[in-house]
Amino acid sequence: MSITGLMLAGAVAVQSFPVFYQPRVTLRTEYGSITVSLDAINAPVTTCNFLRYVQRGHYPRGGFFRTVVSETDTNPNPIDVIQAASSHGPDDPGFGGIPLERTRDTGLSHTAGTISMARDGPDTATSSFFIVVKDSPSLDFGGARNPDGQGFAAFGQVVAGMETVQGIHSDPATAEKLDDPVAFRQVYATGGYSEWCEMGSDGFIVGPRPPAQR
């Protein structure tokens with residue numbers, strides 16, 4: 001996927017939401033593990049979509065392939081992020097595009113440690129995602145990073161392993177492509193998400209649970 005609109009030391013300021021609504025996903029890499037807490041209450045479509053790929057095992061053998069560093073970013077609105085893809089690559093059509101949950105509507109923002117979905121046009125995000133390394137308000141709704149001004153769908157925060165994110169971000173890269181991509185050894189979810197995600201007859205997530213059923 002050509003994400004033309006994309007894109008710490010110290011503690012990460014986690015945007016607060018009740019613990020009950022925080023399914024978590026851990027990404028194990030050779031650098032160490034990264035755990036993200038997902039905001040199923042404010043971004044249920046994006047959260048359940050991400051969990052669907054995790055549940056069906058699409059991320060192992062995928063991994064981080066891109067790093068954007070503000071000091072060398074030629075975009076007028078430079079950012080610092082690392083981007084990952086499924087085992088099928090950044091152009092993976094996966095289960096198809098999902099509706100864009102704009103930060104205008106979710107109340108979330110692209111602060112350091114935020115996990116968000118990569119996309120081309122609105123409603124095109126599938127499986128590729130990125131993690132913000134430094135606060136990047138230009139990725140929010142109304143921001144100028146993407147010409148359409150719609151921003152990207154933030155849906156959670158790193159709660160452990162930000163040092164791993166930073167290490168990957170500083171790895172050697174050529175034209176934003178990591179010289180040595182960082183593969184996922186294991187990707188798994190913990191915590192409850194059935195309250196927010198609809199399950200099919202086979203027990204797999206098919207999308208967000210309709211609001212009336214929550």
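The values are calculated or read from the model by the stated rules, or taken from the named source; none is laboratory data. Keep in mind that this is a model prediction, so the values were computed, not measured. Using ideal geometry, Cβ is built from the backbone for each residue, glycine included, and neighbour counts are taken over all protein chains shown. Protein only, heavy atoms only, side chains kept; ligands, DNA and RNA dropped before computing areas. Shrake-Rupley method; radii C 1.70, N 1.55, O 1.52, S 1.80 Å.
Given Tyr193, Tyr188, which one is open to solvent by 20 Å² or more (accessible area, probe 1.4 Å), aromatic (Phe, Trp, Tyr), modelled with pLDDT of 95 or more and within 19 Å of Asn49 (Cα to Cα)?
One residue alone meets the criteria, Tyr188.
Is it the case, given these coordinates, that Ser127 is assigned to a loop (DSSP other than H, G, I, E, B), touching a His at 6+ places or on another chain (Cβ under 9 Å) and among the hydroxyl-bearing types (Ser, Thr, Tyr)?
Against the criterion (assigned to a loop (DSSP other than H, G, I, E, B), touching a His at 6+ places or on another chain (Cβ under 9 Å) and among the hydroxyl-bearing types (Ser, Thr, Tyr)), Ser127 qualifies.
Which of (1) aromatic (Phe, Trp, Tyr); (2) in a loop (DSSP other than H, G, I, E, B); (3) under 12 Å from the mean Cα position of the chain (by Cα) does Phe141 not meet, given it meets every other one?
(3)
Could you tell me whether segment 160-169 includes any residue that is modelled with pLDDT of 95 or more, surrounded by fewer than 14 Cβ atoms within 10 Å (Cβ to Cβ) and of a type in the set (Val, Ile, Thr)?
Scanning segment 160-169, I find no residue that is modelled with pLDDT of 95 or more, surrounded by fewer than 14 Cβ atoms within 10 Å (Cβ to Cβ) and of a type in the set (Val, Ile, Thr), so the answer is no.
Being within 19 Å of Asn77 (Cβ to Cβ) and either crowded, with 22+ Cβ neighbours inside 10 Å or not small (Gly, Ala, Ser) (or both) is the requirement here; does Thr114 meet it?
Considered against the rule, which asks whether it is within 19 Å of Asn77 (Cβ to Cβ) and either crowded, with 22+ Cβ neighbours inside 10 Å or not small (Gly, Ala, Ser) (or both), Thr114 comes out as yes.
Among what's in segment 36-93 and is of a type outside the set (S, T, N, Q) and within 20 Å of Pro147 (Cα to Cα), pick the residue that is most open to solvent (accessible area, probe 1.4 Å).
It comes out as Pro76.
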